Amino acid sequence: MENCWSCRGPPSPRYGTSAARSLRPLWSGARLAAALIASGATPRIIRTQINQLDSIQVCKESAIPAPRPFLRYSPPEIDAQSAISLKAAKGEQEEHELLFDKSSARSLPPASLTKLMTAVVMLDLMPRFGRSLTDYLDIDEADVVGGSGINVKPSDKVVFRDAIANLMLPSSNITANAVARTFGQLLLDVEGNSGTDARERFVVEMNAKAAELEMRQTQFRNPSGQPARGQLTTAADMAKLMLTVARYPEIMACWETPTHVMQVAGPEPREQKISSTVRVINDYDVLGGKTGTLLPDCYNVAILSEAPNGDPLVTVILRAPDQMSLYTDLRCILDAVKRSRDWPRGTPG
């Protein structure tokens, strides 16, 4: 990633003074962030202050509006096999603006990004079956399939609000299986079809939702993202899903803080602290996101963030070779797209 100066700190003299001038906003932002952290500022205050700095500095970088992305900045070189970043449209009359693309139509495993769809389908089905966020999800022995999610176990009960957090933050496979089994069975009962596996019925609903969202190259095989033949997606399709997720306040609320205390009821009642797997969740411009990992070399992430003027951005990276590359790639993309165009002044979020 020789071209990704923003991830390496100040450039050496061999890059010249023009390169140094182009990176001054990043250095200023780092100094401001350090000062705010030292003063005990909250993540929201830090995000607002740095977005205001970005809005001033980025909009001053050129007096000539950029007619297309990356007119003044070369797109970063990344190690991941596929990625996309776009500015989300603010209204029905607007179109999403593509800011970065690397093989975004390439089919790759979604891993635990699958749970974004699991949560969306669950929230769509809850009112149909009279369920609320304060009702309980039961964990069953049949749900213990997959290698993560050991913070809940058979006979535990968690309210659906905490179940969403357990899907989005630590990425619990057991919770995903419990959601699929529960709502898949409700679908089977109302349809009068008792001979089909409940989780399989829920996955049918996931794929129907994917078709509705025009995720044409996506096929789900299970609700958790565990390895399965034919379970594939693309960065472009996952970006469509993230744009949909942003419209669900129940999911967005999970991402407001990197940790959550889940109340577990049942034979062993307890409080269970859970934390986000997204390493950049506290970055000033990151609003939320989800990771997905399949060892040894498939590291995915989908992120909602803010542009310098507060516009919403969606960035998806698929199949980075390791965790360090994943977050280096992500930060390179986020920093580059901010400086790829002139952002209309607005009120940062």
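Descriptive notes on the structure:
- Summed over region 165-193, residues that are under 19 Å from residue 220 (Cβ atoms) and either modelled with pLDDT under 95 or not in a helix (DSSP H, G or I) (or both) total 2.
- Some residue of region 261-268 being at pLDDT 95 or above, within 14 Å of residue 122 (Cα to Cα) and in a loop (DSSP other than H, G, I, E, B): no
- Region 231-250, residues that are part of a helix (DSSP H, G or I) and of a type in the set (Val, Ile, Thr): 244, 245
- Only listed residue being free of Cβ contacts under 8 Å to residues at least 12 places away in the same chain and either in a loop (DSSP other than H, G, I, E, B) or not aliphatic (A, V, I, L, M) (or both), chosen from 228, 253, 208: 228
- Close contacts from region 75-87, counting a first residue that is at pLDDT below 95 and a second that is polar (S, T, N, Q), with Cβ to Cβ under 7 Å and a gap of 6+ residues or different chains, come to 76/3; 77/3.
- Boolean, residue 242 is in contact with a strand residue (DSSP E or B) (Cβ under 8 Å, 6 or more places away or on another chain), under 16 Å from residue 119 (Cα atoms) and surrounded by 22 or more Cβ atoms within 10 Å (Cβ to Cβ): yes
- Residue match in region 163-174 (condition: in the same structural domain as residue 254 (by TED's automatic domain parsing), surrounded by fewer than 23 Cβ atoms within 10 Å (Cβ to Cβ) and out of contact with any strand residue (DSSP E or B) (no Cβ under 8 Å at 6 or more places or on another chain)): no
- In the condition set (1) among the aromatic types (Phe, Trp, Tyr); (2) assigned by TED's automatic domain parsing to the domain that holds residue 238; (3) not in a helix (DSSP H, G or I), residue 100 is compliant with all but (2).
- Residue match in region 251-272 (condition: aliphatic (A, V, I, L, M) and under 22 Å from residue 85 (Cα atoms)): yes
The values are calculated or read from the model by the stated rules, or taken from the named source; none is laboratory data. Here the structure is a predicted model, which means the values were calculated and not measured. Positions of Cβ are backbone-derived with ideal geometry, glycine not excepted, and every protein chain shown enters the neighbour counts.
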